[in-house]
Structure formats: C-alpha cells, structure tokens
Amino acid sequence: MVLITESHVDIETSGGTKMRVFLFHPVISGYPNAKFPGVVVWSEIYQVTGPVSRFARQIAGQGYICAAPSVYHDFEGPAALAYDVPGTDKGNEYKIKKTVASYDEDAKLTVDYLLGLKTCTGKIGTTGMCLGGHLAFRCALDPRVSSAVCYFATDIHSSTLGLNKKDDSLARIPEIKGELAMIFGKMDNHVPPAGRDLIRKTLHEAGTKFSFYEFTWAQHAFIRDEESKGRYDPALSKICFEVLLELFTRTLKTDLGVHINDDTEIEDVC
C-alpha cells in the first residue's frame with residue numbers, strides 16, 4: 001500500500017526570496033529505505049491550488065515524489081490565488097512580470113532539491129497545466145529531466161511568457177533530450193489550431209521524442225476539477241492520466257539505458 005506524506009520546504013532563490021515547494025511523498029509500510037523517482041508538478045496561474053494538490057497526490061500515489069513550486073515568490077507568499085476575476089487578473093499580471101530567468105531558476109532549484117533527497121532514485125520527470133504546462137516544457141530543457149507531460153501549455157506558440165512577453169522556448173526545443181507528451185483540447189482557444197500546429201512542426205523538425213494528443217471536444221483547463229467554468233471532463237482526464245503514467249513508468253521507473261536512434265526501415269504492410 002502506497003500512502004502519502006505532505007510537507008513543504010522554503011528554498012532560497014538568487015533574488016533573495018524564498019520559494020515554497022509543496023512536497024507529496026509516497027510511503028510504503030515496512031520499506032523505510034524505499035526510493036522513488038521525482039516529479040516536478042507545475043501549477044497554473046493560481047499557484048498551488050486544490051486541483052493542483054489533488055493532481056500531485058494522484059501522481060505521488062503511484063510511487064513518485066512530487067514537488068510543486070509556488071512560482072510567484074517574486075511578488076507575494078505561497079498562498080493560492082482564488083479562482084475569481086481578481087485572482088485571475090493577478091495571476092495573469094504576475095505571469096508576465098516574472099522573468100523567464102526566474103522561472104528557469106525555480107526549475108533548477110526544484111530539480112536540485114529532489115535529487116538531493118536520499119529517497120530519490122535520481123530519475124526526474126515533470127508535468128503541469130496551463131502556465132504549468134509551459135513551465136514543464138521549459139523544465140525539460142534541463143538534461144537531468146527524462147520526460148515531461150505538458151497539459152494545454154500556454155504561450156509556447158506565441159513566445160509570450162515572462163517579462164516583456166518574450167521567451168525562447170520554441171527556439172530551444174533542440175536542447176530537449178527527454179521525451180515529451182503534449183496534451184491539448186481541440187477547442188482550446190488559448191492555444192489555437194495554428195499554434196498547436198507550430199509546436200508540433202517545430203518538435204518534428206528538431207527530432208524531439210514526443211507524442212501529441214488533441215482531444216476533439218476538450219477545452220482549456222479540462223482536467224481542473226474545480227471552478228473550471230463547465231470545462232472539466234473527468235473521462236478525458238482519466239485517459240490523460242494514463243498517458244502520464246505510461247510515459248513516467250517507462251522513462252522514470254525502467255532503466256532504458258542510453259537512447260540510440262533506430263534506423264530500421266518500417267515495412268509498409270498490414
């Protein structure tokens with residue numbers, strides 16, 4: 001039986017602020033020396049809310065140490081923002097006031113922390129939704145990250161993350177060495193069809209290892225089980241969680257060795 005202990009740690013940043021990282025740690029009775037892979041769980045623009053915590057618990061329950069950073073430490077404390085107009089406005093304001101360098105430092109510090117745990121196997125994955133999908137994508141630029149599951153990642157296609165609304169995520173795709181799963185709803189107006197096509201095309205051209213999922217009737221934030229404005233789809237959320245588990249099980253729990261390109265010709269037969 002896998003149970004979960006919850007705690008947090010405040011990590012000093014180079015800017016003099018403290019980033020609170022919420023931890024969800026699996027525990028197996030009778031195995032005090034058990035080790036688990038780590039997963040960085042990135043939140044949407046509201047910091048670590050109830051839905052994000054429940055998502056992290058789900059993953060932790062499958063045998064992963066989950067670390068969920070509160071990324072708005074540059075501006076205020078770790079408390080979640082409300083799912084209302086003032087909370088949305090504040091989250092969107094902070095998203096483009098924070099520097100891309102600060103986002104990247106958050107990722108590095110969180111991965112450093114996980115790798116420093118004696119209970120971590122040394123394998124790291126990442127996931128997130130909305131803003132967090134983009135941050136998981138950027139987290140995968142770290143060669144220590146083996147895989148990333150990015151739910152409806154915003155602003156990648158438009159390169160508008162961070163201060164001055166200018167990021168280099170698309171340009172840096174060739175740096176990604178791990179495997180990606182990109183998940184979108186076809187009715188997501190935050191990442192329109194042309195934007196999704198651009199992301200897919202750029203990944204293809206870079207030779208990135210990735211899977212790309214677009215669900216017909218899904219809108220933005222369709223996995224959020226609270227205040228989703230009628231967009232929450234539990235059936236699709238379950239399917240997407242299976243996608244996450246397949247990728248993380250294969251890349252984080254299995255020792256695959258070094259990836260070697262397979263140039264075997266695929267036969268065109270039924």
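Laboratory data are not the source of any read-out in this text; all were calculated from the coordinates shown. Everything numeric in this text was worked out from a predicted model, so none of it was measured. Using ideal geometry, Cβ is built from the backbone for each residue, glycine included, and neighbour counts are taken over all protein chains shown.
Figures for the structure shown
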read-out	value
Inter-site label distance for A194 and H259 at 7 Å from Cα along Cβ, in nm	3.0
Farthest positive-ward along the range 2-252 dipole, Cα basis, beta-carbon charges - from G132, F248, A56	F248
Rounded Å value of the spacing that divides the Cα centres of the range 58-119 and the range 196-270	22
Note, ³J(HN,Hα) from phi for the range 264-269, Karplus 6.51, -1.76, 1.60, rounded to Hz, x at Gly and Pro	4, 6, 8, 6, 8, 10
Separation of alpha-carbon centers, the range 19-56 and the range 138-170, rounded to whole Å	21
Given K35/K108; K90/K186; K18/K229; K166/K201; K18/K238; K118/K177, the pairs whose alpha carbons are separated by over 30 Å	K18/K229; K18/K238
Length released on extending from K177 to E205, taking residue separation times 0.36 nm less the Cα-Cα span	8.7 nm
Of the DSSP H helices in the chain, those whose Cα atoms cover at least 27 Å axially and whose Kyte score averages 0.5 or more	none
Net charge over other residues, Cβ less than 14 angstrom from the Cβ of W217 (K, R count +1; D, E count -1)	-1
Cα centre as origin, Lys/Arg/Asp/Glu Cβ charges: the chain dipole, Debye	500
DSSP bridge orientation in the range 2-252 - percent antiparallel, rounded to nearest 5	35
Net charge of Cβ neighbours under 11 Å - reference T99; Lys, Arg +1; Asp, Glu -1	-2
